[in-house]
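Colleague: Structure in structure tokens, see below.
FYI, it's all coordinate maths here, none of it is from the lab. A quick note: this is a predicted structure, and the numbers were derived from the prediction, not measured. Note that each Cβ is placed from the backbone with ideal geometry, even for glycine, and that neighbours are counted across all protein chains shown.
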């Protein structure tokens with residue numbers, strides 16, 4: 001994976017929405033112009049994974065990695081997101 005071009009700590013937004021917004025910003029386009037995230041990964045499952053891993057103070061070290069719109073995306077169990085070219 002190359003140098004991150006976007007990195008974010010956990011936010012109040014769902015990971016799936018954060019990814020779409022960040023990639024749209026990098027592509028300088030409207031988020032609705034991007035291909036659906038669900039063509040790459042199940043957004044509900046991704047959001048649930050992050051939500052369940054941070055529930056009740058439990059922390060895991062798992063990471064989900066996938067490619068979306070040509071970007072490598074890494075989502076930590078704590079909701080942190082890294083996007084790389």
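Colleague: Length gain on complete extension for the stretch residue 25 to residue 44, per 0.36 nm per residue less the alpha carbon to alpha carbon distance?
Modeller: Details: separation 19, 0.36 × 19 = 6.84 nm, distance 2.19 nm.
Extra length from residue 25 to residue 44 when fully extended: 4.6 nm.
Colleague: Also, I was wondering about something else. Pop a pseudo-label 7 angstrom from the Cα along the beta-carbon direction at both residue 67 and residue 85 and give the gap in nm to one decimal.
Modeller: Rounded to a tenth, the inter-label distance reads 1.6 nm.
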